[in-house]
Structures are given as structure tokens and as C-alpha cells.
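The structure under discussion appears below in the form of C-alpha cells.
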Amino acid sequence: MSANFRIIETFDGYYLKVTGKVDLNLLSQELKRHNLDVDVSKIMREVVNAKVGQEILLQAKPEESDGKIIITVAPGKMSALLTLNIRPGEKVPLDEVFQKLKEKQVVHGVNLERIKTLINLKRPAFREVIATGNPPEPGQDASITYLYKKPELDPVPVEDGFAYEPGHIIRVREGDLLAQRTPSTLGVFGCNVLGEIVHPLPGRNMEFKVGDSVTIQGNTALAGRDGALTWEDSVLHITELNTIEGDLQMGAVSAKGKVLVLGNVGSGTHIQAQDDVEIRGTLEGGTVISNNGSVFVKGGIAGQSQVKAGGNVEAPFIEESNVVAGRNLVIDDYIFNSSLSVGRAVYFKTLKEYRPASRQKKSAEPDKTQSHEETAADGLAAPARMKQINQAIKTLEREIKTFTSQFKSLTGREESRQELREQLSKYAKQVNSLHHLRQERQNLINKTGGRGLGITGLLANVGVEFHTRYEEYLLEHSVSNATAFYNHLRNKVMFIGDERES
């Protein structure tokens, strides 16, 4: 409960600063703690009627004597001040100043040189600091480093598209380190000018955000059993993991936790899990259901497969299958003749140029990380290789352009169905090759600064690199006969499908 007030000490007295409705019982307790002899009943009306921010005088300090030498201990007792009420030219004995310090019990942090300077000036001084204490240093708060972070299901919008880390199941063994805590510290004690020890504010402790099957040992969080990591809100748990080491060609698998298949999954299979399902190979003709998690198929989905997930569905491609994703559908290459139902959006993977912050300025200098011998050797081979790369890129771009221009004419015709499927698969390989060639070309430019590479080197931007981005396609309705891919030449999603009734 907030007290809604603060007691403030100043040079002339103690004040009550009102920050809300004041609890008079708490006020009485605080006055006693500060050793202030104040009758609350006499200030009750003023306190009750006070506005937020108003300061009310509780107790004035006795006025300092009008002596020649006045020592004042500042509020908080972290400094002592000297006032000299003297005529210009009047001499002040040093031992009299020391006597005043003794009377005020100032014993720590006295600046003798400053006192001598002030009295040697032989002129008045007002509240000059002549002693300082050592304030306490607050303790450091505890911090926790988690070795694994909670996967984000939604790609994050950035300047040049969407950033996303593809999902996967995180396997752990009993005893594996999951998180490490750096303990809070007590802080460093201080000392005021009266020689009193001042206690620091200790750092705050921090508790691990962990749950089922996670063991806390001192400042570490360890896996309490074999399994897979899962998160509920921001709390880390270990759930049951059913691992199939090879291919799964037939049979049913039902799991309360997660399922990991290290091989391929065939048409005679049915997998159902409460949490994530990951297939390292291909899914061809099988049924995979994740009630509350996501489905990750690293080799692609094909052959009339049935996939349903409460979260995301992620795969390099989908061919002639039925996919239901409660959240997002994330695709590397293409979708062919499939039925789709998506809770939010479809995301297609691409590669985009960017300039790192450390290389924002265009430079014609070779990459300084390369040795002189490496740069010289590159200089001999680079022009010839650059010519090969440019020719290969032109050929690929021409072939890709031909396919994308024919795409719509190939859809919707049964006789062109197989051709379209083959063309999409070929397109994915061509785009992959195109990306590799563009990266290799840019690496040559970065290494040589563009020198000796002909017109390409003269016009190129040095320091450019590449990173993976995703492009969003909002799918507002369920569709059938969906065929789609990302046109890397025109930077747009090509999508054709028939809207299905809900």
C-alpha cells in the first residue's frame, strides 16, 4: 500500500510532501521513525485538504547562532558546510574551526586544504563545503541469462520486409543447463561526515521463470528430465518428447507433448500431438495434427497430406495437400494445387540486400580483412569469374522471367498441371542458384572494392550484404486449388486459388 507522502529534510526544517490521500496512521509511524515530535492532530486539517505536490512544514530546525564560525551539517549528513561571518581582512584561527567541527561531531571526510584556503582569504564565506562523506553504492540487481528463447510465431515487420526465425523442436537431456543467474549484490557501505556507517540499498533478487520438470540448483536452472522445451506465456517447461529415429511409413503416433521424426513420413501414418510436431524429412500422404502447437516439415509437404496446427505450419513447399494453420503458414519456395486455411497470413522466404551499420558509407577500398596476397590473387581471377557470374545471372533471370510470364496461363488447365508442378520445382532451384550467384558477385566486389571488375565493379555498391526476409500475403478466406510463389524479380507474391465456403 502506498503511503502517498514523503518526509523531506531541508536546511531549515522537515516537510511533508503530499503525493495523494495521506494515511494518518502511517504518517504517525513515519514521524516516530524520524524522531520528529509532531502532533498529527494539529496538522490533520491541513494534511487532509492538501493538494498533490504541496509541502507542509512539520518541524523547523533551530536557527544557527550568529557566531563568527558556523558549521552546518547538510540534510543526509553527507557534507558539512562552513560559514564565516567576518570582516574583510579579519583572521580566523584554524583551531577554532576544528573546535566547531568537533561540536558538530564532524569527523569524516574533512578537507583541511579547503579550510585553510578559506580562512587565509580573510573574507566572508557562506556555506562552503569543507567535508564530504562517502555515499553508499547500491547493489546490482540479479540478472538471468536463458540459453534458449521463446520462439515467436509471428514474423516481425522490419524496414525491408519481415524478419523471422524458422521454428524447430529444442531437445534437452536431463541435467542440461537451461538458464544461469548472476546473483544480486549487497552494495558498498558508505560513511557520512559524522562517521556513521550508511547502509546501501541491496540489489533485487530475480526468480527463474520456469515450471514443470525444471530443477533449480543454486543459481542455475537445469533440465529435470529428457524432453523438449516449451513455453506457457513466458514460463519455461520441459514437456514429453516422442522421438522417431528414422522414417515412419505407417502406423499411428499419439503424444501428450511433442513429436520429432528424424526421417520421412509416409502415406500410411497418422501423427497427433498436443504440442509441436517436427519432421526432418518429407511428409508424403500422411496426416499430422498439432492441437496447440506448430508443425515444421523440413523436407516439404506433398502427396495428398493432411496437416493441421493450432499455431504455424512451416515447410519449404506444399504440393497437392490440405493445410490448416491456426496462426501462419511459412513457405520457403512455393505452394502447388493445395487447400489452405490460415488464421493470419502466408509468408514467403526471400533474400534481400542490406548495408550493415558499420559500412554505411560507400567505399572503393578492398575489404581490409583480406591479406595483400589474397587480394592480389583475387585480382587476377576476379575479372574472369565476374564475367562468368554475370552471364549465369542473365541466363537465370531470363528463364525465371519466362516462367513467371507463363504462370497464369499454366494454372487452371488439367493438361498443364504436371508441367506447372515441374516448373515450380525448377523455379525454386533457379532462385536458389540466383541468390548464390548474387552473393558470390557481391563478395568479389566487397573484397576488391570493385577494382578491376569492369563496368559491374564501377557501378556496384561496396559493403552490401544479404539477409533472409519474408514477404507477407494476407489470406482472408480459405482457398482450394491454391498455387503461389514469390516472384523474386518483381518482388511480389503470385497467388491463385478458389475461395472456399466456410
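The values are calculated or read from the model by the stated rules, or taken from the named source; none is laboratory data. As the structure is a computational prediction, the values presented were derived from the model and not from experiment. Backbone-built Cβ (ideal geometry, glycine too); neighbour counts: all protein chains shown.
State all residues of region 256-286 that are over 15 Å from GLU314 (Cβ atoms), surrounded by fewer than 24 Cβ atoms within 10 Å (Cβ to Cβ) and of a type in the set (A, V, I, L, M, F, W, C); if no residue qualifies, say none.
LEU262
Looking only at region 427-469, count how many residues are within 16 Å of GLY161 (Cβ to Cβ) and touching a Gly at 6+ places or on another chain (Cβ under 6 Å).
Adding up the residues that qualify gives 1.
Take the residues of region 370-382 that are within 30 Å of LEU489 (Cβ to Cβ) and surrounded by 16 or more Cβ atoms within 10 Å (Cβ to Cβ): which is modelled with the highest pLDDT? Working first, answer last.
Quick first cut of region 370-382, residues within 30 Å of LEU489 (Cβ to Cβ) only: 378, 381-382.
Among the residues that remain, those that are also surrounded by 16 or more Cβ atoms within 10 Å (Cβ to Cβ) are: 378, 382.
On the way: ASP378: 49, ALA382: 80.
Here the answer is ALA382.
Taking GLN272 as meeting all but one of (1) assigned to a strand (DSSP E or B); (2) out of contact with any Ser or Thr (no Cβ under 7 Å at 6 or more places or on another chain); (3) not assigned by TED's automatic domain parsing to the domain that holds LEU178, write down the number of the exception.
(2)
Return the residues of region 138-165 that are farther than 21 Å from PHE296 by Cβ and assigned to a loop (DSSP other than H, G, I, E, B); say none if nothing qualifies.
Hits for region 138-165 are GLY139, GLN140, ASP141, ALA142, GLU159, ASP160.
So in region 231-244, with the set limited to residues that are in contact with a strand residue (DSSP E or B) (Cβ under 6 Å, 6 or more places away or on another chain) and in contact (Cβ under 8 Å) with a residue 60 or more places away in the chain, which one is surrounded by the fewest Cβ atoms within 10 Å (Cβ to Cβ)?
The qualifying residue surrounded by the fewest Cβ atoms within 10 Å (Cβ to Cβ) is THR243.
Report those strands (runs of 3 or more DSSP E) wholly inside region 39-122 carrying at least 3 residues which are surrounded by 11 or more Cβ atoms within 10 Å (Cβ to Cβ) and out of contact with any Leu (no Cβ under 9 Å at 6 or more places or on another chain).
Of the strands (runs of 3 or more DSSP E) lying wholly inside region 39-122, those with at least 3 residues that are surrounded by 11 or more Cβ atoms within 10 Å (Cβ to Cβ) and out of contact with any Leu (no Cβ under 9 Å at 6 or more places or on another chain) span 79-84.
Which count do you get for residues in region 166-207 that are in contact with a Gly (Cβ under 7 Å, 6 or more places away or on another chain), loosely packed, with under 14 Cβ neighbours inside 10 Å and closer than 30 Å to PHE296 by Cα?
Number satisfying all stated conditions: 1.
Let me spell it out: the conditions are (1) crowded, with 23+ Cβ neighbours inside 10 Å; (2) among the hydrophobic types (A, V, I, L, M, F, W, C); (3) over 26 Å from the mean Cα position of the chain (by Cα), and ILE289 meets all of them except one. Which number is the exception?
(1)
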